[in-house]
Every structure is written in structure tokens, then in C-alpha cells.
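The values are calculated or read from the model by the stated rules, or taken from the named source; none is laboratory data. Just so it is clear, the model here is predicted, and its values are computed rather than measured. Glycine also receives a Cβ, built like all others from the backbone with ideal geometry; neighbour counts cover every protein chain displayed.
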Amino acid sequence: MNRPPIVPEQEWWAARDALLVKEKALTRELDALAAERRRLPMARVGKEYRFAGEGGTVDLPGLFGGYGQLIVYTFMWHGAQEYCPGCSLFTDNVGHPAMMNARDTRLVLVSDGPQAEIAPFKRRMGWILPWYSALDGDFNGDMAPDGGFALNVFLRDGDDVYRTYFTTERGVERLGSGWTFLDLTPYGRRETWEDSPDGWPQSEPYAWWRLHDEYDVS
């Protein structure tokens, strides 16, 4: 197996510092992209959908679980013995949701599979994200037009729900930490350094950060 070239430490630092310039530029570009994403318009979801969860059936507003923002990952379902490796890898890399919940955001999985098969697999994998069945409904067909995996973001105003963002394919590769998911939402991380429209909720960074079992959220 080939390996990177070996150089003196001073030369290594020079190469690393040169790369850091590009990494910092990319970080600024990603921040600017998130700021532009927060200024996207939104479209009202007028269709009614039903989802079967482990605790019963809910509609789309109920999928929010009382939060104001909702991220839905469409987990492809091929049957009880043929789990999608890509969707499983994605879910394995999702961090604890308490941080997102503290920013009024809920992340859920939705599949076109029966809850009787979904729940045992979820327990086997040790996943704690809420996972709903949209079997016999149109939600995944409407929100994942190609019939594959997808990620959608929604904003709730009372019983009205609006779709604010959509991505699929390599658009989900960078996701996993709470930061990356919040950057997809209309209100973002809600921190004062962010470039957000006037009137957006914001607070100082660090001040709201907690251990995941210390957040005062359900």
C-alpha cells in the first residue's frame, strides 16, 4: 500500500498551514451558504398525511412532536431482511438529538415499511431517533420524487406546515452532527454570529450548550 511522502516536521507544518487557508475559506463559504439557505422561501404543504409510530398514528403537524422545525429523513425500506446499507450508515452517524431539540428542531425517520418490522430493527440497532411508517400513504412519493432516500425540512405555524428545504444523494454526506442539521433549517443554530434575517431568534454561542442529558427538553 502506498503512503504519503515523509518530510521534516517544519515542511509538514508548512504544507498543513497552506491547506488550512483553503479549509478556512471553505468554512466561510459553508457559513454563507447556510445564510442563503435561511433566506429561502417556503411552500405550504396542503396535503394531509398519516404516520404510524410506536405510540400511535399522527398527522404531519403531529410529526413535529411539539417542536417548531422538523427534519425528515426518508429511510428506504426494502423489507425486513434487506435493510438499506446507505440509509443505515447515515442513521448510524447521527449524533444525539438533544442539541437539535434545544433549538426547537426535531429529526425523524420515515419509511414505507410496516411499523411491526421497523420497530425491531430500530431496537436491534440501538437508534433513538423517532421512526415512523408512511406505508400506504403518499408522503415519501411526494417528498422523495425519485422513490429513494431524501431529506426534507419543514417549519410549523400552528397547524400549517411549510416545506423549506430538500436534498438527496450526496447532499446528505456531510450530515451527522447537530450543527450540520441545524444549518439546513430556516432558523439555523440561532446564534448571534450567524448572518440571519432581522427578527430571527438568536442567543450567544456557548451559553446554551449542555451535556445531552442536561437539556430541559423532552
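Tabulated data
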item	result
Pairs where the first residue, in segment 56-83, is without any contact (Cβ under 8 Å) to a residue 12 or more places away in the chain and the second is part of a loop (DSSP other than H, G, I, E, B), C-beta under 9 Å, 6+ apart	Asp59/Glu48; Asp59/Tyr49; Asp59/Asp159; His78/Cys84; His78/Gly113
Scope segment 55-68; condition out of contact with any Asp or Glu (no Cβ under 9 Å at 6 or more places or on another chain) and surrounded by 13 or more Cβ atoms within 10 Å (Cβ to Cβ); matching residues	Val58, Gly62, Leu63, Phe64, Gly65
Matching residues, segment 93-114, being surrounded by fewer than 19 Cβ atoms within 10 Å (Cβ to Cβ) and polar (S, T, N, Q)	Asn93
Residue selected from segment 141-192 under the condition surrounded by 19 or more Cβ atoms within 10 Å (Cβ to Cβ) and among the aromatic types (Phe, Trp, Tyr), by the criterion farthest from Trp209 (Cα to Cα)	Phe149
Residue match in segment 7-19 (condition: within 28 Å of Leu175 (Cα to Cα), in a loop (DSSP other than H, G, I, E, B) and under 32 Å from the mean Cα position of the chain (by Cα))	no
Matching strands (runs of 3 or more DSSP E) fully within segment 44-127 where at least 2 residues are in contact with a helix residue (DSSP H, G or I) (Cβ under 9 Å, 6 or more places away or on another chain)	50-53, 69-74, 105-111
Residue count for segment 116-158, restricted to those that are at pLDDT 95 or above, aromatic (Phe, Trp, Tyr) and touching a Gly at 6+ places or on another chain (Cβ under 9 Å)	2
Selection within segment 2-50 - among the β-branched types (Val, Ile, Thr), more than 30 Å from Leu70 (Cβ to Cβ) and loosely packed, with under 11 Cβ neighbours inside 10 Å	Ile6, Val21
Count of residues meeting criterion [among the polar types (S, T, N, Q) and loosely packed, with under 11 Cβ neighbours inside 10 Å] in segment 193-213	0
Matching entry among Arg106, Arg50 (being farther than 21 Å from Leu184 by Cβ, touching a Gly at 6+ places or on another chain (Cβ under 7 Å) and in contact (Cβ under 8 Å) with a residue 24 or more places away in the chain)	Arg50
Search result, residues across segment 193-210 that are polar (S, T, N, Q) and assigned to a loop (DSSP other than H, G, I, E, B)	Ser196, Gln202
Near pairs, Cβ below 7 angstrom, 6+ apart or cross-chain, from segment 158-178 (free of Cβ contacts under 8 Å to residues at least 24 places away in the same chain) to any residue that is of a type in the set (Val, Ile, Thr)	Arg174/Thr180
Condition check for Thr185: part of a strand (DSSP E or B), at pLDDT 90 or above and in contact with a Ser or Thr (Cβ under 9 Å, 6 or more places away or on another chain)	no
